[in-house]
Ligand SMILES: C[S@@+](CC[C@H](N)C(=O)[O-])C[C@H]1O[C@@H](n2cnc3c(N)ncnc32)[C@H](O)[C@@H]1O
């Protein structure tokens, strides 16, 4: 079933079609969703290359850490969900673990992103589903664990996304969120922000050919809630034992929480 792409919702049938440029402010949730879907549809062919290049390959290590946290103390059986799965790197990291005996539903509303990564999931227990993370095609309390890698920042409503993950997770199941944040300590913060605001978008534009996607990346990270605020939102959505670790000097945070 690996690499089997299913068009799960109406949103899926328009994946990649709404190519609204996301460079400016995004006034409404609907407009943000359309812009995000169009943007990822456009950059899908170069997404993996740019991820590895712009992070100096650290993104692989960050996903390993996220899966380590998800599986710590867990049976690794049953249905797991990777929301905003993109090109399937996080789903593949989970499904490929020796001690994993479940299946991963890898959900993304950009069909081109899922299609770009489909080959990685061949022969792995990954079901790639084209659908909206705000309306997962999964029953209440049916899921043994959930991940979101660099996805929650892109949701039209972060609160609605957390509520949806809480809906599908069984009580006692874990949610792990991997997301960019900004380092606090100087002079690293200043150096990083220079790279993030100026060098990264320049490289991103040249390699992806997309005018604004790699301006959107730093802009969206800079306006995203800091780790303590994200932890508060997870708690408000019904997660307990919420904690986070900073990786790579505070560039990335791995949050985890247990469905209460
Ligand atoms: C930065 S990529 C992350 C992909 C992957 N998780 C990774 O670790 O590389 C963000 C992904 O979130 C997806 N996305 C954003 N909002 C979504 C939503 N409401 N439903 C499903 N996917 C969404 C985008 O299509 C994109 O593929």
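The values are calculated or read from the model by the stated rules, or taken from the named source; none is laboratory data. Since the structure is predicted, the reported quantities are computational estimates derived from the model, not experimental observations. Counting neighbours? That spans all protein chains shown, and the Cβs are built from the backbone with ideal geometry, glycine included.
Here are the numbers for this structure:
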quantity: Check on residue 217, in a helix (DSSP H, G or I), in contact with a strand residue (DSSP E or B) (Cβ under 9 Å, 6 or more places away or on another chain) and at pLDDT below 95; calculated: yes
quantity: Residue list for the range 131-188, filter: closer than 23 Å to residue 100 by Cα, surrounded by fewer than 18 Cβ atoms within 10 Å (Cβ to Cβ) and in contact (Cβ under 8 Å) with a residue 60 or more places away in the chain; calculated: 137, 142, 170, 171, 172
quantity: Count of residues meeting criterion [touching a helix residue (DSSP H, G or I) at 6+ places or on another chain (Cβ under 6 Å) and away from the ligand (no atom under 12 Å from the Cβ)] in the range 117-141; calculated: 6
quantity: Qualifying positions in the range 176-192 - outside any loop (DSSP other than H, G, I, E, B) and more than 26 Å from residue 166 (Cα to Cα); calculated: 188, 189, 190, 191, 192
quantity: Pairs where the first residue, in the range 205-229, is closer than 27 Å to residue 257 by Cβ and without any contact (Cβ under 8 Å) to a residue 60 or more places away in the chain and the second is within 15 Å of the ligand (Cβ to nearest atom) and assigned to a loop (DSSP other than H, G, I, E, B), C-beta under 7 Å, 6+ apart; calculated: 226/181; 227/181
quantity: Residues of the range 61-71 that turn out to be farther than 19 Å from residue 181 by Cβ and either modelled with pLDDT under 95 or within 13 Å of the ligand (Cβ to nearest atom) (or both), as a count; calculated: 1
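Conditions (1) closer than 20 Å to residue 38 by Cβ; (2) in contact (Cβ under 8 Å) with a residue 60 or more places away in the chain; (3) more than 9 Å from the ligand (Cβ to nearest atom); (4) surrounded by 21 or more Cβ atoms within 10 Å (Cβ to Cβ), marked per residue:
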position	(1), (2), (3), (4)
75	no, yes, yes, no
80	no, yes, yes, yes
99	no, no, yes, no
107	yes, yes, no, yes
113	yes, yes, no, yes
